[in-house]
1. By the gyration tensor of its Cα atoms, with a ≥ b ≥ c the square roots of the eigenvalues, what is the shape of region A:136-211: rounded for a/c under 1.5, prolate for a/b over b/c, or oblate?
2. Work out the FRET efficiency for residue A:51 and residue B:91 from their Cβ-Cβ distance, taking R0 = 25 Å, and round it to the nearest 0.05.
3. Express the relative contact order of chain B as a whole percentage, based on alpha carbon pairs under 8 Å and six or more residues apart in sequence.
4. So which trypsin sites (Lys or Arg not before Pro) in region A:180-254 are both in a DSSP loop and have at most 12 other Cβ atoms within 10 Å of their Cβ?
5. Count the net charge of all other residues whose Cβ sits under 11 Å from the Cβ of residue A:86, scoring Lys and Arg as +1 and Asp and Glu as -1.
6. Quick check for me: using +1 on Lys/Arg Cβ and -1 on Asp/Glu Cβ, what's the dipole size of region A:35-166 about its Cα centre, in debye to the nearest 20?
7. Towards the positive end of the charge dipole of chain A, with charges on Cβ (+1 Lys, Arg; -1 Asp, Glu), say which of A:262, A:273, A:97 has the farthest Cα.
8. For region A:112-213, state which GluC sites (Glu not before Pro) are in a DSSP loop and have at most 11 other beta carbons lying within 10 Å of their beta carbon.
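No lab work stands behind these numbers, since they all come straight from the coordinates. Please read all numbers here as calculations on a predicted model, not as lab measurements. Positions of Cβ are backbone-derived with ideal geometry, glycine not excepted, and every protein chain shown enters the neighbour counts.
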Amino acid sequence: MSRKTTILTLIVLVGLAGACAKQEQASPAEEAWSGLVEARNGLETAEEKTSLAEDYLAEFPDTEHSGSMAGVVVHYRGHEMEDPQGAYLVVASALEHIEDPEQRFAVGMEILSLSDSVDVPLELAQVANSLGAERPLTYSEHQQVFETAIDLEEWMVADEHALAAMEMATPETYRADYPDREFTDEDIAERVQRRRATALAYDGWALYNMGDTELAFSRFAAADEVGSVSYLGVPNTPLYTFWGRAALGEGDFDSAVELLGAEAAFGNDGSGAEIFLREAYAAKNGDEEGYDEFLWATRSELATTVDDFSLLDYAGNQISMADVSTGKVTLLAFWFPT
Amino acid sequence: MELPRLQPLYEQYKDQGFEIIAIDAKRDTERATKFIEEKGLTYTMLENAEEDEEIVGSIFKVRSFPSSFLIDRDGKVMYFHLGFEAGDEVHLEEEILGLL
């Protein structure tokens, strides 16, 4: 090989290597994404958090992150900043550019979650069906649809997806949803039980509103029998709220007070149940007199006692709960740093 | 972020017998210590234990964060709250006052 050819070959090789390197470089959208991930760690206010997501969506509306960015905008601008209309405009304009059915579903569901305060021109059933035409929905997607359907009072959609979710509440499906994680059989059983109880409770409430009272109450009883309960002994689904409201609707005030009482004290969404408990209490007793005392008594009666435990503090000292809280009122807060 | 919103409640009521114990479920020591220092949090902060004895999932069955439990002077759980949105501290304060 002549010297000239060698040099030429080298140039070509270097050029090729350069071209390859260029191809491996991240796309502008990916680069912007890494920048965003870096930047969001230092952010404090809702304004800062939403504007980062909004800028990203404006420049790159159609990426694998569209759904999660839409979620950030809906949460911070829509809820924390109480500007649902503004959040809607941002996310709806991103949706116009999104082709991927997965992301269309994710963003569509975020938009629908604003329906209680914004006039949203999307149909829940259509959003669900367009992803459903591509592939079967997962349990979590069915759950997202039936929960939203209950919020929107679209009872038939809720019923359809709760039934589909019920079918999918199996150990096999659960494992398939988390292929990279290992679970003990006990873990799986508990999570499947919870999925089943959730679907049954929501379906009961959808059926009750569709006028099928008998089937609705049998769903509630079935959910109760599955018995997925929290540490505090009440279902970790809104079962007692739905069941209690249905009992209230049927004029069974004793059951309504009992079910809603447990939920208002310790439920996932106790404050949601409390309005109906107050109503049931007044219906049962003629007026609201003594309601506050009744609520405290209910709590005291149902309350569980915490077993002591001990953990390390950040200086490495073993601290027990009793050390800190004996004889005191204590707020135990579970969190993780983000 | 929710934990700093608890600091004023702690300062206001600790002399009347109110305590806060915050448990970091993730055991992200580096982030947690930085956060605690930056925000000037002075109540009890603990780390969740290793898998076998972990408190968060096995004892309290907490699956969503932040979750909080308000415990009375006799050690009974009198209130449970999921999430922590702006304004929640007002309701929480009422609950604390009811127990103090």
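1. Values: a/c = 3.08, a/b = 2.12, b/c = 1.45.
In terms of gyration-tensor shape, prolate.
2. Values: r = 29 Å, r/R0 = 1.17.
Plugging the Cβ-Cβ distance into 1/(1 + (r/R0)^6) gives 0.30.
3. Numbers: 88 pairs, mean separation 24.6, N = 100.
Relative contact order here is 25 percent.
4. Numbers: sites: A:181, A:191, A:194, A:195, A:196, A:219, A:245; in loops: A:181.
Those that pass, being in a loop and sparsely packed, are A:181.
5. Details: positive: A:77; negative: A:54, A:82, A:83.
Within the 11 Å Cβ shell, the charges total -2.
6. Numbers: 5 positive and 28 negative charges, 44 e Å.
Dipole size: approximately 220 debye.
7. Final value for the positive-end residue is A:97.
8. Details: sites: A:123, A:134, A:141, A:147, A:153, A:154, A:160, A:167, A:172, A:182, A:186, A:190; in loops: A:123, A:134, A:153, A:154, A:182.
Passing both the DSSP loop test and the Cβ count: A:153, A:182.
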